[in-house]
Amino acid sequence: MIYKLLSRLGIEVWKDIPEYEGLYQVSNLGNVKSLNYRQTGKTKVLMKHINNKNRYTLNLYKEGKRYSNRNISVLMAIAFLNHKPSGNNLVVDHINNISTNDKLYNLQVITHRLNVTKDKKGTSKYPGVFWDKNCNKWKSYIKIKNKNIYLGSYKNELEASQVYKKELKKITFK
């Protein structure tokens, strides 16, 4: 995508934020500007703040109502990556795991499940599979409604992954 390349080169491109057209724009470098700052008719790049999850956020206003702590990375994904927020189904991921690097080249939209497993070190390349050094076997777990469910121990990493996938299909198609 051209906007990702331009962000890598440091060339700023602005796009309207969907649902805030004519009010706010977001750039591929992670900046947000008001197109009518405090009803003065002036354009101003807004100050962003880091929240308790180490993400850049800011407040947006529309028709006199305040929309607090909007994540800039999510606003960028909506504007540039056609992301449609859907709870925890699809999330905006910082590719290099630096949550304050909101340049477009560092953002991707992936499933929540992939996001929580993609950077695990010293464990399986498959979600839900972990090496247990005490018994020298691969163990498989799945998390449902914040509860870990043990699926068994296996000599083979791929076998543990297949059990996990089978269980996931059962949940998905209920």
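The values are calculated or read from the model by the stated rules, or taken from the named source; none is laboratory data. All of these numbers come straight from a predicted model, not from anything done at the bench. Every residue, glycine among them, receives a Cβ derived from its backbone with ideal geometry; neighbour counts consider all protein chains shown. Areas reflect the complete protein model, heavy atoms only, side chains present, ligands, DNA and RNA absent. Shrake-Rupley method; radii C 1.70, N 1.55, O 1.52, S 1.80 Å.
Just to check your reading of the model, which residue among 41, 30 is more than 30 Å from residue 144 (Cα to Cα) and either modelled with pLDDT of 95 or more or not small (Gly, Ala, Ser) (or both)?
Going through 41, 30 in turn, the sole match is 30.
Pull out all pairs, ordered by first then second residue, where Cβ-Cβ is under 6 Å, the residues are six or more apart or on different chains, the first lies in segment 100-114 and is in a strand (DSSP E or B), and the second is surrounded by fewer than 15 Cβ atoms within 10 Å (Cβ to Cβ) and not hydroxyl-bearing (Ser, Thr, Tyr).
Hits for this filter: 108/95.
List every residue pair whose Cβ atoms sit under 6 Å apart, with the two residues 6 or more apart in sequence or on different chains, where the first one lies in segment 124-139 and is part of a loop (DSSP other than H, G, I, E, B) and the second, anywhere, is polar (S, T, N, Q).
Cβ pairs passing all conditions: 126/161; 127/117; 128/140.
Of the numbered conditions (1) open to solvent by 40 Å² or more (accessible area, probe 1.4 Å); (2) over 21 Å from residue 33 (Cβ atoms), residue 70 fails exactly one; give the number of that condition.
(2)
Looking only at segment 1-34, count how many residues are assigned to a helix (DSSP H, G or I) and either within 19 Å of residue 67 (Cα to Cα) or not β-branched (Val, Ile, Thr) (or both).
7
Can you name every residue in segment 84-102 that is of a type outside the set (D, E, K, R), open to solvent by less than 60 Å² (accessible area, probe 1.4 Å) and more than 10 Å from the chain's Cα centre (by Cα)?
Of everything in segment 84-102, those that are of a type outside the set (D, E, K, R), open to solvent by less than 60 Å² (accessible area, probe 1.4 Å) and more than 10 Å from the chain's Cα centre (by Cα) turn out to be 86, 100, 101.
Looking at segment 61-99, which of its residues are in a loop (DSSP other than H, G, I, E, B), in contact with a helix residue (DSSP H, G or I) (Cβ under 7 Å, 6 or more places away or on another chain) and among the hydrophobic types (A, V, I, L, M, F, W, C)?
Within segment 61-99, 95 is the sole residue that qualifies.
Kindly provide the set of residues from segment 35-49 that are outside any loop (DSSP other than H, G, I, E, B), of a type outside the set (Lys, Arg) and open to solvent by 90 Å² or more (accessible area, probe 1.4 Å), ordered by number.
Once the filter is applied, which keeps residues that are outside any loop (DSSP other than H, G, I, E, B), of a type outside the set (Lys, Arg) and open to solvent by 90 Å² or more (accessible area, probe 1.4 Å), segment 35-49 yields 39, 49.
Just for segment 120-147: of the residues that are in contact with a helix residue (DSSP H, G or I) (Cβ under 6 Å, 6 or more places away or on another chain) and open to solvent by 40 Å² or more (accessible area, probe 1.4 Å), which one is farthest from residue 89 (Cα to Cα)?
Applying the filter and picking the extreme gives 138.
Among the residues that make up segment 18-31, is at least one of them farther than 20 Å from residue 97 by Cα, touching a helix residue (DSSP H, G or I) at 6+ places or on another chain (Cβ under 6 Å) and surrounded by 18 or more Cβ atoms within 10 Å (Cβ to Cβ)?
Looking for residues that are farther than 20 Å from residue 97 by Cα, touching a helix residue (DSSP H, G or I) at 6+ places or on another chain (Cβ under 6 Å) and surrounded by 18 or more Cβ atoms within 10 Å (Cβ to Cβ), one finds at least one in segment 18-31, hence yes.
Just give me the residues in segment 54-67 being within 17 Å of the chain's Cα centre (by Cα), at negative phi and open to solvent by 40 Å² or more (accessible area, probe 1.4 Å), in sequence order.
Residues satisfying the conditions are 55, 56.
Only one of these conditions is not met by residue 42: (1) closer than 21 Å to residue 104 by Cα; (2) basic (Lys, Arg); (3) free of Cβ contacts under 8 Å to residues at least 12 places away in the same chain. Which number is it?
(1)
If the requirement is being under 30 Å from residue 5 (Cβ atoms), modelled with pLDDT of 90 or more and either open to solvent by 60 Å² or more (accessible area, probe 1.4 Å) or aromatic (Phe, Trp, Tyr) (or both), which of these qualifies: 154, 105, 150?
Within the list 154, 105, 150, the selection yields 105.
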